[in-house]
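Student: What follows is a single structure, and I will ask about it in a moment.
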Amino acid sequence: MEAPKTIAIDGPVAAGKTALGKALAEKLGYRFLDTGLMYRAVSWLAIQQGAGADNEGAVMRIAQTCPIRPIGDDGASMVIGEQILGEELRHPAVDLASSQVSTYQGVRSALVKQQKQIADEGPVVMAGRDIGTVVLPDAPLKLFIVASPEVRARRRYEEMRDLGKEVEFQEVLDDLLARDHRDESRDASPLKAAPDAVVLDTDGKTLCQVVQHALRIAEGVQ
Ligand code: DC
């Protein structure tokens with residue numbers, strides 16, 4: 001059976017949404033959109049313009065006036081205004097700022113509008129925190145990816161060490177728990193599974209196993 005043309009993937013930080021989303025999109029020949037990178041692009045521009053994440057009005061104006069689009073095949077780069085951003089979006093200052101920027105309702109509304117437009121353009125796998133609940137509530141397939149905090153922190157810790165960053169595991173775990181709390185407790189579109197989402201626990205599973213499982217689910221959805 002054919003997979004649905006719109007697939008929403010949500011879940012907490014470092015649960016494996018991006019790796020799964022990219023792999024699924026590649027297998028199905030769909031476009032992949034990592035919406036976290038859109039919040040990061042707005043945050044990066046706010047920092048560049050000297051506004052800072054605290055300035056809600058300025059950050060909102062950026063989100064409302066600067067179109068953001070994914071660029072390239074790797075799903076890891078965005079264009080905002082005239083700027084092409086890749087690695088910059090992973091900077092720790094952007095990490096921190098995006099966590100605050102994503103709590104502003106005005107920013108969320110502006111980005112959700114753009115995300116819906118991208119979904120209207122053709123088959124898409126979209127990953128984030130509110131895709132199944134707010135952005136694409138009618139998506140025929142919604143996946144909610146979970147893994148224990150320790151497993152997620154271990155993945156993040158190893159990624160950072162591979163990039164040559166000196167970090168302690170406990171520091172990474174504490175940061176991840178704080179992010180979970182912020183994502184789940186904010187007023188604007190808190191992280192939660194849509195009632196009709198399929199929950200996939202990735203603890204102890206390889207990416208390949210998770211992708212196979214998701215494909216079987218996708219092919220079973222009308
Ligand atoms: O997934 P990420 O870590 O790249 O996301 C960056 C920030 O944006 C993070 O604080 C969660 C937030 N976010 C969100 O609120 N809604 C989304 N759809 C995607 C990300």
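The values are calculated or read from the model by the stated rules, or taken from the named source; none is laboratory data. The model shown is predicted, which means the values in this text are computed figures rather than measured ones. Using ideal geometry, Cβ is built from the backbone for each residue, glycine included, and neighbour counts are taken over all protein chains shown. These accessible areas exclude ligands, DNA and RNA; they are computed on the full protein's heavy atoms, side chains included. Shrake-Rupley method; radii C 1.70, N 1.55, O 1.52, S 1.80 Å.
Student: May I ask you to say which residue of Thr65, Thr35 is within 26 Å of Gly132 (Cβ to Cβ) and of a type in the set (S, T, N, Q)?
Tutor: Thr35
Student: I would also like to ask the following. Considering only segment 1-16, how many residues are open to solvent by 20 Å² or more (accessible area, probe 1.4 Å) and of a type in the set (D, E, K, R)?
Tutor: Looking only at that region, the number is 2.
Student: Please go through (1) of a type in the set (Asp, Glu); (2) open to solvent by 20 Å² or more (accessible area, probe 1.4 Å); (3) at pLDDT 95 or above for Asp34 and return the number of the only condition it doesn't satisfy.
Tutor: (2)
Student: Going by the structure shown, is Tyr39 among the hydroxyl-bearing types (Ser, Thr, Tyr), within 11 Å of the ligand (Cβ to nearest atom) and within 25 Å of Ile84 (Cβ to Cβ)?
Tutor: yes
Student: Now a separate question. All but one of (1) open to solvent by 10 Å² or more (accessible area, probe 1.4 Å); (2) touching a residue at least 60 places away in the same chain (Cβ under 8 Å) hold for Glu88; which doesn't?
Tutor: For Glu88, the exception is condition (2).
Student: Tell me which residues, restricted to segment 95-111, are surrounded by fewer than 20 Cβ atoms within 10 Å (Cβ to Cβ), free of Cβ contacts under 8 Å to residues at least 60 places away in the same chain and not acidic (Asp, Glu).
Tutor: Residues satisfying the conditions are Leu96, Gln100, Gly106, Ser109.
Student: Now a separate question. Does Gln83 satisfy the criteria of being within 17 Å of Leu33 (Cα to Cα) and surrounded by fewer than 24 Cβ atoms within 10 Å (Cβ to Cβ)?
Tutor: No: the conditions fail for Gln83.
Student: On to the next question. Residues that are more than 12 Å from the ligand (Cβ to nearest atom) and among the acidic types (Asp, Glu): does segment 125-135 have at least one?
Tutor: Within segment 125-135, not a single residue is more than 12 Å from the ligand (Cβ to nearest atom) and among the acidic types (Asp, Glu).
Student: On to the next question. Determine the pairs where a residue that is touching a residue at least 24 places away in the same chain (Cβ under 8 Å) and among the charged types (D, E, K, R), located within segment 206-222, has a partner that is surrounded by 15 or more Cβ atoms within 10 Å (Cβ to Cβ) and not in a helix (DSSP H, G or I) with Cβ atoms under 6 Å apart, the partner being 6 or more residues away or on another chain.
Tutor: Correct list of pairs: Glu219/Ala3.
Student: Test of understanding: among Ala23, Ala76, which residue is open to solvent by 10 Å² or more (accessible area, probe 1.4 Å), within 14 Å of the ligand (Cβ to nearest atom), of a type in the set (Gly, Ala, Ser) and out of contact with any strand residue (DSSP E or B) (no Cβ under 6 Å at 6 or more places or on another chain)?
Tutor: On the way: Ala23 fails: within 14 Å of the ligand (Cβ to nearest atom).
Just one listed residue meets the conditions, Ala76.
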